1. What are the pairs with Cβ atoms under 7 angstrom where one residue, in the stretch 328-344, is over 15 Å from residue 289 (Cβ atoms) and the other, located anywhere, is of a type in the set (Asp, Glu) and open to solvent by less than 40 Å² (accessible area, probe 1.4 Å)? Sequence gap at least six, or different chains.
2. With respect to residue 347, is the statement that it is within 27 Å of the chain's Cα centre (by Cα), among the aliphatic types (A, V, I, L, M), at pLDDT 95 or above and surrounded by fewer than 19 Cβ atoms within 10 Å (Cβ to Cβ) true?
3. So residue 149 fits all but one of (1) in contact with a Leu (Cβ under 6 Å, 6 or more places away or on another chain); (2) farther than 15 Å from residue 55 by Cβ; (3) open to solvent by less than 20 Å² (accessible area, probe 1.4 Å); (4) of a type in the set (A, V, I, L, M, F, W, C); what number is the exception?
4. Do the conditions hold for residue 318, that is, is it in a strand (DSSP E or B), under 30 Å from residue 300 (Cβ atoms), open to solvent by 40 Å² or more (accessible area, probe 1.4 Å) and basic (Lys, Arg)?
5. Is it the case that the stretch 220-238 has a residue that's of a type outside the set (A, V, I, L, M, F, W, C), buried (at least 20 other Cβ atoms within 10 Å of the Cβ) and in contact (Cβ under 8 Å) with a residue 12 or more places away in the chain?
6. Of the conditions (1) free of Cβ contacts under 8 Å to residues at least 60 places away in the same chain; (2) part of a strand (DSSP E or B); (3) over 23 Å from the mean Cα position of the chain (by Cα); (4) within 30 Å of residue 180 (Cβ to Cβ), residue 159 fails just one. Which one is it?
7. Just to verify a result, which residue in the stretch 133-146, among those that are without any contact (Cβ under 8 Å) to a residue 60 or more places away in the chain and buried (at least 17 other Cβ atoms within 10 Å of the Cβ), is nearest to the chain's Cα centre (by Cα)?
Amino acid sequence: MEEVWFSFMAGGVITAILVMSVLRINTFIPLLLLLKRKKTIMLKKESVKNYQYAFDESAPNRFEEIYRTLPDLVKRKFSIMYEHTYEGFENIFIFKSYNEKWGALKFENEQYHLIAENIYDSTCFYPQYGIIEAVIYHSGSYSGKTSYLFFDTEGRMVKRLEGYDYIRFDFYGNIIISKNRLYGFLDINLEEKVSCQYDGLRGIGKNLFVAKENVNSRHLIINEKKEVMYECRFPCRIYEEVCNNKIIIDEKDQYYLLDLGSQEKTVLPYDRIYRIEGYGINSKIPPRYITIKDYVNHEEEYENTHIYPDQFIVDEGKYGVISSDGEVCIPNIYDKIDFLSEKYFKVALGKWLFEIDKKNDNVYASGGKWGIVDRKNNLIVPVQYTNIVYNHHEDRYFAYENGMMEGRKDEHSGDYWWFVIDGKMTELNL
């Protein structure tokens, strides 16, 4: 009986090995992962090193992800089904294996080796910090008990944290934490600096935060010592980033420039200020904002139609651009402004007219012409084109002559995608 049972078990093992070989799964990985997982989870706190990361402020804030660069032999060895790295850090790879778990590899001395075992429910690499975050969902879901393990690029575990709903590394070098829908932050040693006590928290600079307190109906600007540098009562808005120790705030539809050092507030002479979504926070140039003077909103004119017009259609006035410290980049002399790239804006002159196509709810725009200026309002392309577009992926600019702009609504964002019908396209050499 024992011999039959042994033969049955041996046959099962052989069959499993053959199946995994066909699927290109390393047959020894599952057992190895089980042992490694147990070893990792059982690590005691005393064995975890104290770690002080060196945040690289000179590194870009938006890293381009690079996919599918690992050799096939390496993919088979580590049972990899998905992987990516980052431009400038091509020796570090985040990957997902066929066991539906995540890990990290490092290429060093002409070899690939694991720096985070593929046993985790999530793995991230933060290039500016030089740190790898590995997450374990103990209940199989992110809503249950979660462990956060942090490794350096040598594969050494530097910290293990428990009990947080999430841990977020922002662009400024701040580490935001959340627990039970309240927020706090960690210090550079990944130790809790301020406990989770605010209803909202976001970084606006290195060791500078906007905290939200619902019970007191206020926003606070605080530093890493939790010292209150400024407070304002709801409704108010504090904009995205401090620049030259100044930040834009909106209190009861009046815009101010706040100097965090002197606490002085200066009135900004604009009717509307919009953040430009195309600018990356903490980029090498200060963020810009579109401003409007002599503002008129035409939304009521479209109440009896089937369309829900966006800002381009309903907002009228004289447009300009300022930086986040209040400096005027482009004066308010244009009838429309739109962001093209971090180098250029497209600007329009002329009275814009919008006509609704009742058959398909598209919108036609005419009356204005577009050109291009740089961040200091130097005219780069004359204001004479029906529309101008920028292809971000290829870094190419195109202008359309004649024809008419047609807007087709994006059902997801509610904004319109603008095309030119019956026009001639020309590439601009910028």
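1. Partner pairs satisfying both residue conditions: 343/374; 344/374.
2. Values: within 27 Å of the chain's Cα centre (by Cα): yes; among the aliphatic types (A, V, I, L, M): yes; at pLDDT 95 or above: yes; surrounded by fewer than 19 Cβ atoms within 10 Å (Cβ to Cβ): no.
So residue 347 does not fit the description; no.
3. Result: residue 149 passes all but (1).
4. On the way: in a strand (DSSP E or B): yes; under 30 Å from residue 300 (Cβ atoms): yes; open to solvent by 40 Å² or more (accessible area, probe 1.4 Å): yes; basic (Lys, Arg): yes.
Answer is yes for this residue.
5. We begin by selecting, within the stretch 220-238, every residue of a type outside the set (A, V, I, L, M, F, W, C); these are 223-227, 230-231, 233, 235, 237.
Applying the additional criterion that residues be buried (at least 20 other Cβ atoms within 10 Å of the Cβ) yields none.
Scanning the stretch 220-238, I find no residue that is of a type outside the set (A, V, I, L, M, F, W, C), buried (at least 20 other Cβ atoms within 10 Å of the Cβ) and in contact (Cβ under 8 Å) with a residue 12 or more places away in the chain, so the answer is no.
6. So residue 159 meets the others, but not (1).
7. Going through the stretch 133-146, the residues without any contact (Cβ under 8 Å) to a residue 60 or more places away in the chain turn out to be 133-135, 137-146.
Of the ones still in play, those that are also buried (at least 17 other Cβ atoms within 10 Å of the Cβ) are 133-135, 146.
On the way: 133: 17, 134: 19, 135: 20, 146: 23 Å.
Here the residue is 133.
Yes or no, residue by residue, for (1) modelled with pLDDT of 95 or more; (2) under 30 Å from the mean Cα position of the chain (by Cα):
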position: 306; (1), (2): no, no
position: 321; (1), (2): yes, yes
position: 330; (1), (2): yes, yes
position: 335; (1), (2): yes, no
position: 343; (1), (2): no, yes
position: 363; (1), (2): no, no
position: 382; (1), (2): yes, no
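The values are calculated or read from the model by the stated rules, or taken from the named source; none is laboratory data. Worth saying up front: this structure is predicted, and the values here are computed from it rather than measured. Glycine also receives a Cβ, built like all others from the backbone with ideal geometry; neighbour counts cover every protein chain displayed. Heads up: the accessible areas ignore ligands, DNA and RNA and are worked out on the full protein's heavy atoms, side chains in. Shrake-Rupley method; radii C 1.70, N 1.55, O 1.52, S 1.80 Å.
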